[in-house]
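Below you'll find the structure, written out as structure tokens, and then a few comments.
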Amino acid sequence: AQTVTQSQPEMSVQEAETVTLSCTYDTSENNYYLFWYKQPPSRQMILVIRQEAYKQQNATENRFSVNFQKAAKSFSLKISDSQLGDTAMYFCAFMNLLRNAGNNRKLIWGLGTSLAVNP
Amino acid sequence: GAGVSQSPRYKVAKRGQDVALRCDPISGHVSLFWYQQALGQGPEFLTYFQNEAQLDKSGLPSDRFFAERPEGSVSTLKIQRTQQEDSAVYLCASSLDDGRPRTDTQYFGPGTRLTVL
């Protein structure tokens with residue numbers, strides 16, 4: 001079974017600075033997807049970034065980028081030029097490429113990291 | 001276009017009552033997921049629909065939980081004889097999932113916060 005671990009329950013960063021959130025996962029599969037989702041206090045879960053395990057190049061989306069280390073099973077999120085609106089819970093999630101029983105692509109989640117961006 | 005919507009946003013139930021939670025997925029999305037998020041936790045998978053077929057209900061915690069999607073669009077999660085441990089946020093997500101790359105990305109609704117007294 002796959003597991004996702006986020007070892008930083010809370011983090012804080014000053015506005016305009018850079019912060020890195022860590023995520024490790026465990027799987028015996030070779031092909032899978034990894035995601036970072038953001039959940040602001042309003043609780044709408046929003047996709048931040050997605051990484052395919054078969055791609056060596058790290059994904060980037062504007063100020064958000066990942067450091068994907070497949071051998072180490074590590075998937076960290078870097079937020080550059082932090083903004084007040086980045087304050088939220090950040091969840092790392094895993095999706096198997098191969099559909100399991102029931103043709104399912106369910107997400108397996110970490111416990112989240114609460115990020116506070118301070119003015 | 002419109003995103004995933006859920007109703008009600010908040011529900012308070014007395015222990016033993018039945019509740020029904022509604023999810024309207026993004027129009028045309030094939031796959032629909034329900035997740036349960038306890039306070040301070042990450043979401044946990046409950047059940048999955050492909051169109052109107054419920055293909056995986058392995059995450060439903062007990063036979064008090066029942067979900068349906070009769071016409072392949074709107075879905076309802078029903079909890080019978082609610083217990084205090086059912087208190088959580090219930091998240092619905094949908095994905096287009098038409099076989100093209102990245103269409104399996106899940107988009108979430110705002111959730112329904114259920115409090116059982």
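The values are calculated or read from the model by the stated rules, or taken from the named source; none is laboratory data. This structure is a prediction, so every number in the text was calculated from the model and none was measured. Neighbour counts are summed over all protein chains in view; Cβ atoms, including those assigned to glycine, are modelled from backbone coordinates with ideal geometry. With ligands, DNA and RNA removed, areas are computed over all heavy atoms of the protein, side chains included. Shrake-Rupley method; radii C 1.70, N 1.55, O 1.52, S 1.80 Å.
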Checklist entry - When the residues of the stretch B:59-86 are filtered to those that are without any contact (Cβ under 8 Å) to a residue 40 or more places away in the chain, among the small types (Gly, Ala, Ser) and in contact with a Lys or Arg (Cβ under 9 Å, 6 or more places away or on another chain), which remaining residue is nearest to the other protein chains (Cβ to nearest Cβ)? => result B:59
Next on the checklist: Regarding the stretch A:31-54, can at least one residue be identified that is closer than 23 Å to residue B:107 by Cβ, of a type in the set (Ser, Thr, Tyr) and away from chain B (no Cβ under 14 Å)?
Outcome noted: no
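For the stretch A:12-33, what are the residues that are farther than 11 Å from residue A:75 by Cβ and either of a type in the set (Lys, Arg) or buried (at least 16 other Cβ atoms within 10 Å of the Cβ) (or both)?
Matches in the stretch A:12-33: A:13, A:19, A:27.
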Checklist entry - If you take the residues in the stretch B:16-26 that are assigned to a loop (DSSP other than H, G, I, E, B) and of a type outside the set (Val, Ile, Thr), which one is most open to solvent (accessible area, probe 1.4 Å)? => result B:18
Item to check | Candidates A:38, A:106, A:73, filtered to the one that is of a type in the set (Lys, Arg) and open to solvent by less than 50 Å² (accessible area, probe 1.4 Å) | outcome: A:38
Item to check | Qualifying residues in the stretch B:101-117 (those that are surrounded by fewer than 19 Cβ atoms within 10 Å (Cβ to Cβ) and either more than 9 Å from chain A (Cβ to nearest Cβ) or free of Cβ contacts under 8 Å to residues at least 12 places away in the same chain (or both)) - the one farthest from residue B:82 (Cα to Cα) | outcome: B:101
Checklist outcome for this item: In the stretch B:1-21, residues that are closer than 19 Å to residue B:64 by Cα and touching a Pro at 6+ places or on another chain (Cβ under 8 Å) total 1
Checklist entry - Consider residue A:74 against the criteria (1) at the interface with chain B (Cβ under 10 Å from one of its Cβ atoms); (2) at pLDDT 95 or above; (3) on the phi < 0 side of the Ramachandran plot: it satisfies all of them except one. Which criterion is unmet? => result (1)
Item to check | Condition met for residue A:55 (within 15 Å of the chain's Cα centre (by Cα) and either over 25 Å from residue B:48 (Cα atoms) or open to solvent by 40 Å² or more (accessible area, probe 1.4 Å) (or both)) | outcome: no
Checklist entry - Of the residues that sit in the stretch A:1-39 and are touching a residue at least 60 places away in the same chain (Cβ under 8 Å) and aliphatic (A, V, I, L, M), which one is farthest from residue B:41 (Cα to Cα)? => result A:16
